[in-house]
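**Student:** Pasting a structure below so you can have a look.
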Amino acid sequence: MADQDVQTPVGGEPPALSVLRWDELPEGPVLVLLDQTRLPAEEVELVCTDVPALVRAIRTLAVRGAPLLGIVGGYGVALAAARGYDVAEAAGLLEGARPTAVNLGYGVRRVATAYWAAAEKGAGVTEAATVALAEAQALHREDARASVRMAEYGTALLEELLPGRGYQLLTHCNTGALVSGGEGTAFAVALRVHRQGRLRRLWVDETRPLLQGARLTAYEAARSGMAYSLLTDSAAGSLFAAGEVDAVLIGADRIAADGSVANKVGSYPLAVLAKYHHVPFIVVAPTTTVDMETAEGTLIIVEQRSGQEVTEVTSPGGVSEGAGGGKVVAPLGAPVYNPAFDITPSELITAIVTEEGVISPVTGVGLAELCARSSQVTIS
């Protein structure tokens with residue numbers, strides 16, 4: 001059996017989110033994931049014993065978010081090595097699971113390279129697999145540290161841009177502990193502001209069509225005791241017009257060499273609104289999300305997802321009425337345009353916050369200089 005569900009009761013004071021972990025079972029190692037498709041109705045763990053199961057989890061968004069995908073990709077290579085599968089084949093399957101998130105390929109290549117380097121030095125299969133697991137664990141720890149640094153830099157930037165005040169922050173999609181080895185990217189900044197007692201309101205976009213904001217960000221905000229309000233994506237403009245947004249915080253799935261940012265579809269319209277209303281638009285992402293080999297945003301491959309995500313509405317744990325598992329809300333055979341991401345050009349971005357520092361204004365030169373200081377990015 002490649003994967004299975006393990007129910008975890010919900011209620012009372014919640015523990016820290018356990019998004020993924022490596023377990024050693026009598027029958028072999030497994031990678032255990034919190035199934036994000038089941039949130040917020042229930043906390044269910046998905047146990048993956050092989051790479052095909054892990055690829056399914058990635059493609060169905062049971063596990064998602066650029067930084068976390070990099071970690072999962074690394075652990076996936078380690079899982080293949082530990083269970084004696086073809087590491088090269090496993091790496092290819094994992095790297096191709098989702099094309100836009102650059103972290104996935106980074107994590108896969110990094111751990112696979114460590115495995116092959118150990119093998120070339122004469123390590124046996126078991127020893128090389130141990131090296132691969134250690135590299136995946138190192139990547140996991142590094143991302144957690146990066147989350148802390150991004151939160152520090154992000155809050156300092158907000159104080160610089162909006163000194164001596166509380167903030168009403170608007171965010172899109174989900175960028176918290178559910179996408180990270182730590183407390184997240186953009187959400188981690190908002191969480192730090194909350195802990196400082198300076199968060200007046202976190203505005204949470206629903207993030208259609210898969211409702212990552214409604215299902216996941218609101219879930220994390222509620223767990224953290226944050227003051228938050230949920231809104232439909234189309235309501236954001238009225239918030240800006242009413243002067244109710246002090247800054248926009250989003251994450252990124254890929255940042256091109258020119259500073260253009262690929263993020264969950266709906267991010268670009270927020271950037272346009274922020275520019276018009278003179279509101280800071282801030283991207284928070286680790287340097288592993290930077291792709292210096294992609295010269296500009298127009299060259300980023302944008303994943304096109306199933307039209308059923310738009311023609312059907314799915315509730316976690318709900319009754320399946322359509323072929324895609326949800327309630328049908330559109331005419332049969334309706335054509336659908338369903339990009340998973342959109343591209344925001346650098347001129348609409350106030351700043352990019354990374355664990356290595358802040359880039360503002362956002363330029364290709366500034367991005368290259370910052371990445372040159374980081375061991376996480378290879379500049380071609």
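**Student:** Considering only the stretch 255-283, state which residues are over 18 Å from V302 (Cβ atoms), in a helix (DSSP H, G or I) and out of contact with any helix residue (DSSP H, G or I) (no Cβ under 9 Å at 6 or more places or on another chain).
**Tutor:** In the first step, residues of the stretch 255-283 are kept if they are over 18 Å from V302 (Cβ atoms); the result is 273-282.
From what is left, the residues that are in a helix (DSSP H, G or I) are 273-276.
Within the stretch 255-283, no residue meets the criteria.
**Student:** May I pose another question? Look at the stretch 103-128 and say how many of its residues are out of contact with any Gly (no Cβ under 8 Å at 6 or more places or on another chain) and in a helix (DSSP H, G or I). Show your work before the answer.
**Tutor:** To start, the set of residues in the stretch 103-128 that are out of contact with any Gly (no Cβ under 8 Å at 6 or more places or on another chain) comprises 109, 112-124, 126-128.
After this cut, where a residue has to be in a helix (DSSP H, G or I) as well, the list is 109, 112-120, 126-128.
Count: 13.
**Student:** For V329, indicate whether it is over 19 Å from the mean Cα position of the chain (by Cα) and closer than 30 Å to A41 by Cα. Lay out the reasoning, then the answer.
**Tutor:** Values: over 19 Å from the mean Cα position of the chain (by Cα): yes; closer than 30 Å to A41 by Cα: yes.
Yes.
**Student:** Of all residues in the stretch 85-130, which are among the aliphatic types (A, V, I, L, M) and within 19 Å of the chain's Cα centre (by Cα)?
**Tutor:** Quick first cut of the stretch 85-130, residues among the aliphatic types (A, V, I, L, M) only: 87-88, 90-91, 93-94, 97, 101-102, 104, 108, 111-112, 114, 117-119, 123, 125, 128-129.
Within the stretch 85-130, L94, A97, A101, V102, L104, V108 qualify.
**Student:** Working only within the stretch 1-42, note down all residues that are charged (D, E, K, R), at pLDDT 80 or above and either crowded, with 19+ Cβ neighbours inside 10 Å or in a loop (DSSP other than H, G, I, E, B) (or both). Quick ask: steps written out before the conclusion?
**Tutor:** First, the residues of the stretch 1-42 that are charged (D, E, K, R): 3, 5, 13, 21, 23-24, 27, 35, 38, 42.
Filter once more, keeping what is at pLDDT 80 or above: 21, 23-24, 27, 35, 38, 42.
Of everything in the stretch 1-42, those that are charged (D, E, K, R), at pLDDT 80 or above and either crowded, with 19+ Cβ neighbours inside 10 Å or in a loop (DSSP other than H, G, I, E, B) (or both) turn out to be E27, D35, E42.
**Student:** T37: under 27 Å from V265 (Cβ atoms) and either without any contact (Cβ under 8 Å) to a residue 12 or more places away in the chain or hydroxyl-bearing (S, T, Y) (or both), yes or no? Quick ask: steps written out before the conclusion?
**Tutor:** Working: under 27 Å from V265 (Cβ atoms): yes; either without any contact (Cβ under 8 Å) to a residue 12 or more places away in the chain or hydroxyl-bearing (S, T, Y) (or both): yes.
Here the answer is yes, as T37 does meet what is asked.
**Student:** Follow-up. Which ones in the stretch 99-128 are hydrophobic (A, V, I, L, M, F, W, C) and in contact with a Phe, Trp or Tyr (Cβ under 7 Å, 6 or more places away or on another chain)?
**Tutor:** Looking only at the stretch 99-128, we keep the residues that are hydrophobic (A, V, I, L, M, F, W, C), and these are 101-102, 104, 108, 111-112, 114, 116-119, 123, 125, 128.
Selection gives A128 alone.
The values are calculated or read from the model by the stated rules, or taken from the named source; none is laboratory data. Keep in mind it's a predicted model, so treat the numbers as computed, not measured. Counting neighbours? That spans all protein chains shown, and the Cβs are built from the backbone with ideal geometry, glycine included.
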